[in-house]
Structures are given as C-alpha cells and as structure tokens.
Amino acid sequence: MNQYWKIAVIGSGPAGFYAAGELLRQKSWEIKVDMFERLPTPFGLVRGGVAPDHQKIKSVQKIYTRIAENENYRFFGNVEFGRDIYRADLMEIYDAVIYSVGSPTDRKLGIGGENLSGSHSATEFVAWYNGHPDFCDYKFDLSARNAFVIGIGNVALDVARVLAKTPQELEKTDIADYALEALRTSQLEDIWLLGRRGPLQAAFSPAELREFLELAEADVIVEKNELELDAESQKILENNANNDTMKNIEILKKISEKEVSGKKRRVHIIFLTSPVEISGNQKVEKISMVRNQLVKMEDGSLVPQASAEINEAAAGLVFRSIGYYGKPLSDLPFDQKTGTIPNECGQVKDPEDGNILREREYVAGWIKRGPSGVIGTNKQDAVETVHRMLGTFLKGKMDAGKNCTNLDIVSLLENRKVEYVSFSDWKLLDAHETEAGQKKGRPRVKITSKADMLSVIRQKKQLKIQ
Ligand code: NAP
C-alpha cells in the first residue's frame with residue numbers, strides 16, 4: 001500500500017492548479033499530484049482564453065509555476081483523457097481524480113442562419129487569436145465592414161476590442177502571429193455589441209468597459225436613449241444595484257456624452273436587442289434584430305420579451321458570445337442543461353444511479369459550477385472540492401492506496417507510446433517563446449501547432465544533453 005495519496009488532476013487551467021496547490025499545501029496529508037493536460041502547454045484559458053492585451057491577468061501563471069515546482073507535483077502534457085488515458089486507468093492508479101476540464105464549447109442562439117459561413121462562436125475566435133492549436137486553421141472574413149457580437153459579457157468585450165484595435169496596439173501582445181497578420185488586413189468599420197437586456201443587466205465589468213475609451217483608432221458609441229431605464233431597472237439602480245453595475249452605468253453615461261471623434265472604427269453598444277435571424281447567400285450578409293422590453297418574473301428577475309419592432313442591418317461577420325458550455329467526458333455523468341458534471345460541493349454524483357456520490361471522483365472549475373466568474377473565483381471553488389475530497393477520505397476511514405495499485409502512470413504512458421510533456425519540457429518551450437518575444441518587444445511569440453511545440457521541446461532537450 002502507498003504511504004501517500006495519489007491524486008490525478010485532469011486539466012491544467014486555473015481550477016486544476018488551484019486544486020493541486022491546495023492538495024500540496026496540506027500539512028497533515030502526504031499527497032502527490034499528477035496533472036494531465038491534452039495540450040503540450042499548461043494553464044488552460046490563461047494561455048488560450050485571456051485576451052492577449054491583458055498580460056497582467058496572465059501573470060497568474062507565475063503562481064501556477066510555483067505550484068508546479070513542488071516536488072510532489074508532476075505535469076503530463078499532450079495526454080488526452082479519453083484518447084491516451086481512460087477513467088478505468090485513473091481509478092486503477094490513483095486514490096482519487098479531480099476533473100477540471102473547463103467548458104470548451106459554446107451555447108447556440110438557436111436562430112436561422114447561425115451556421116452560415118461568417119457566423120462564428122466567440123470561443124472559436126478567442127481560441128484562434130490566442131494561438132490554440134485546435135483553432136489555428138480557422139478563417140474569419142475580415143474583409144467585412146460590419147461585425148455583430150451577440151451578448152455583452154466580458155468575452156464579448158474581448159472579441160470587440162481585439163477586432164477594434166490597430167495592428168500597432170496588438171503587435172505588442174502575444175496574439176498569435178497568423179491572427180495579427182490577418183487582422184492587419186481587416187476592413188472592419190463598425191462593430192456592434194448586442195445586449196438582449198438593458199444596461200443595468202450587462203454582464204461586462206467596469207474595467208473592461210473602460211478600456212473602450214482608450215482605443216487608438218476606434219470610437220465607442222452608446223446612444224443616450226439606450227440608457228433610458230424601465231421603471232424596474234430604475235428602482236434597482238436607486239436602491240440595490242451593486243458596485244460594478246453602478247460603475248458600468250457611470251461609464252456608459254460618460255461614453256454617451258462623449259463626442260465621436262471620427263476614428264477609423266466604431267464600436268456601438270446596443271441594449272434590449274436580440275438577433276432573430278442571420279441571412280445571406282451562402283455567407284452572412286444580413287442580421288435581423290428585435291427590440292425587447294424587460295418583464296419582471298415571479299422570482300424578481302427581469303427577462304427580455306420581444307416587441308414587434310424588427311430592424312435589419314448589413315452584416316459580414318457575426319460572433320455569438322452568449323456563454324461557454326461543457327463537454328461530456330466518457331464514463332462520467334453530464335447535465336445537458338447546465339453543461340456541467342453533476343456534483344455536490346465538487347464530489348461527482350450520478351443522477352442516473354439515484355444521485356449516488358462517487359467516493360473517488362471530483363470536479364472543480366467551470367465543469368463543476370458552469371462558465372462564470374473570474375480566474376480567482378476558481379480558487380475558492382477548488383478549495384471546496386479538495387476539502388470535500390479529504391473529508392470523504394476521513395469519513396470513509398480510507399487509507400492511502402486502499403483503492404489503487406502501485407502502478408506508475410509513466411510506464412502506462414510509455415507502453416502506449418504517448419509522447420508526454422513534463423513541466424520542465426514546458427519550461428523549455430516557454431523559454432523559447434519568451435526569447436522569441438523579447439527580440440520583438442513582445443511578451444512571447446507563441447508556437448501554435450502541437451507538432452511544432454513537440455519539435456521545439458525535442459530539439460531543446462537534445463541541446464541540453466549535448
Ligand atoms: P457571461 O458573462 O455569462 O455573458 C454572457 C452574455 O450573453 C450575457 O450578456 C447574456 O445576457 C448573453 N446571453 C446569454 N444568452 C443569450 C441569448 N440567447 N441571446 C442573447 N444574449 C444572450 O459569459 P462570458 O462573456 O462568456 O464570460 C464567461 C465568464 O468569464 C464570465 O464570468 C466573465 O466575467 C469571465 N471573463 C472575465 C474576463 C475578465 O475578467 N477580463 C474576460 C473574459 C471572461 P443575459 O445577462 O441576459 O443572460
């Protein structure tokens with residue numbers, strides 16, 4: 001029997017790292033953590049989701065790197081759950097598993113024309129400009145003059161901002177080279193952000209909204225009448241709006257009062273408007289939208305209700321940015337409605353088995369609670385999961401190794417000829433990217449194909465040996 005607990009963490013985004021950090025911090029438990037990641041690179045959405053012009057947010061990688069330097073931590077990149085390793089393997093080798101795989105896909109609008117060429121999900125565009133290997137071959141028609149972004153969360157603002165920025169603003173970032181080159185040719189003039197509810201219900205944060213006032217070559221426009229509130233929203237504003245909402249309203253007012261200075265591009269924020277159809281001959285040419293009014297529900301929430309007012313506008317690109325969505329994992333339950341793995345405080349429960357709690361399987365992050373919150377939200381989320389797990393071990397009077405074998409994952413991966421990437425391998429790739437970036441005054445130049453990543457790692461390892 002093992003003297004220590006072996007825990008597998010699937011996914012190396014913020015939730016996975018916070019879970020690993022909390023496990024390794026425990027003084028009264030001997031714990032070893034193996035983290036698996038399907039890409040050769042760690043950090044999940046911090047690398048592949050956070051906008052390239054938000055480098056400060058990305059500095060959280062330093063905290064994750066410190067966690068990874070713990071002697072009881074191992075990273076196995078380029079190892080995919082469901083392709084290279086399976087639940088049965090993990091159950092055999094580890095005392096318990098934490099799935100922190102995020103929400104890699106997106107929600108659909110469910111309107112006509114959504115599948116036309118030129119209609120994309122924000123998740124695709126974000127992954128593309130961030131150099132995610134699965135998305136680097138995507139094409140976006142940047143010869144379009146009008147782009148519509150549906151939804152007004154922070155992802156929608158990221159998409160609109162990247163579309164609105166000049167190459168000079170973007171070339172200081174770690175945006176993927178191919179995306180920078182494509183965006184250099186952009187003919188976009190107008191970017192429209194559509195919120196289905198009013199300014200008070202906007203999901204974006206004030207800091208992100210404020211950035212639109214600082215764009216080099218794009219004006220941000222909010223018409224004054226867009227900020228007129230219905231009676232219920234007005235009541236909320238006067239009595240119990242939260243700090244962020246108050247700040248959003250303040251900034252939106254400032255924007256609406258600002259003179260349009262005639263910059264090359266315009267970003268328009270439109271409220272109380274939903275798309276009803278996207279149309280065109282083979283590709284997106286037009287978008288039809290309906291004006292909404294807000295209706296108060298029994299639970300007090302304000303929901304959009306379509307009016308009879310329909311407008312149409314020319315559109316060359318549409319990005320739906322209405323929330324990420326989880327992907328089912330083989331041999332694990334999945335809730336289609338929420339796109340999450342059913343759980344109780346992070347412990348996986350099986351509704352099909354009568355809500356039985358799985359003793360050795362846990363979830364953290366977006367696959368646990370859905371795609372909400374900022375990076376830091378995942379810390380308390382992961383801490384809850386870890387303590388639920390340790391509490392279950394104690395309650396079940398379990399001993400380390402009671403439920404698993406002494407088999408080491410390395411021999412399994414070697415038998416299966418999986419070319420896994422260790423954390424020190426990643427550091428070689430990281431150094432390669434940052435050195436390439438330094439030469440150009442950028443944080444890094446990303447390698448964007450898996451084959452190239454593995455090839456750089458092999459070459460660097462070879463050099464180290466010589
Ligand atoms: P989000 O914050 O949940 O926003 C989704 C937006 O889509 C909302 O405006 C929502 O409107 C709208 N929406 C949903 N269904 C719709 C429909 N059928 N038709 C039209 N609009 C619809 O999601 P997100 O922007 O993807 O962001 C995910 C999480 O990551 C958030 O917590 C966000 O704050 C975080 N994030 C943070 C940053 C940052 O801190 N810089 C950057 C990116 C992402 P309703 O409100 O009416 O539902």
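The values are calculated or read from the model by the stated rules, or taken from the named source; none is laboratory data. Predicted model, so just to flag it, every value in this text is computed and none were measured. Here the Cβ is made from the backbone with ideal geometry for all residues, glycine too, and neighbour counts use every protein chain on show. In case anyone asks, the SASA skips ligands and DNA or RNA and just uses the protein heavy atoms, side chains included. Shrake-Rupley method; radii C 1.70, N 1.55, O 1.52, S 1.80 Å.
Here are some notes:
- Segment 75-125 versus segment 32-60: alpha-carbon centroid distance in Å: 15
- Taking every protein chain into account, the accessible area of segment 1-154 amounts to 37 square angstrom per residue (probe 1.4 Å).
- For segment 354-466, the extents of the C-alpha atoms along the principal axes are 55, 39, 23 Å, listed from largest to smallest.
- Förster-model FRET efficiency, 25 Å R0, ALA306 and GLU223, C-beta, rounded to 0.05: 0.80
- Semi-axis lengths, Å, segment 1-130, gyration tensor of Cα atoms, sqrt of 5 times eigenvalues: 32, 19, 11
- Pairwise FRET efficiency - LEU412 versus GLU232, Cβ, R0 = 56 Å, nearest 0.05: 0.45
- Taking the longest Cα principal axis of the chain as reference, the axis of helix 377-395 is set at about 30 degrees.
- The distance separating the Cα centre of segment 142-185 from that of segment 401-452 comes to 29 Å.
- With each label modelled as a point 7 angstrom along the Cα→C-beta vector, the CYS345-THR185 pair spans 5.6 nm.
- For ASN72 and SER455, the difference between the fully extended length at 0.36 nm per residue and the C-alpha to C-alpha distance is 135.1 nm.
- Reciprocal of mean inverse Cα separation for segment 244-345 (Kirkwood radius, Å): 18.0
- Quarter of the Cα convex hull surface for segment 88-160, i.e. its orientation-mean projected area (nm²): 7.7
- Carbon/sulfur fraction of accessible area - the chain, other protein chains in place, 1.4 Å, %: 48
- Residue pairs, from the table LYS439/LYS460; LYS56/LYS464; LYS417/LYS446; LYS417/LYS461; LYS139/LYS464, whose Cα atoms sit over 29 Å apart: LYS56/LYS464; LYS139/LYS464
- The orientation-averaged shadow of the Cα convex hull for segment 120-206, equal to a quarter of the hull surface, comes to 5.9 nm².
- Helix 423-439 vs. the chain, principal-axis angle (Cα, 0 to 90°, nearest 10): 40
- Equivalent-ellipsoid semi-axes of segment 166-272, from the Cα gyration tensor, Å, largest first: 30, 15, 12
- Kirkwood Rh and Cα Rg combined as Rg over Rh, evaluated for the chain: 0.99
- Bridgeable lysines around LYS368 (alpha carbons under 25 Å apart, same-chain partners fewer than 8 residues away excluded): LYS6, LYS32, LYS58, LYS62, LYS108, LYS327, LYS337, LYS349, LYS379, LYS395.
- Averaged per residue, segment 357-466 has 52 square angstrom of accessible surface, using a 1.4 angstrom probe with ligands and nucleic acids left out.
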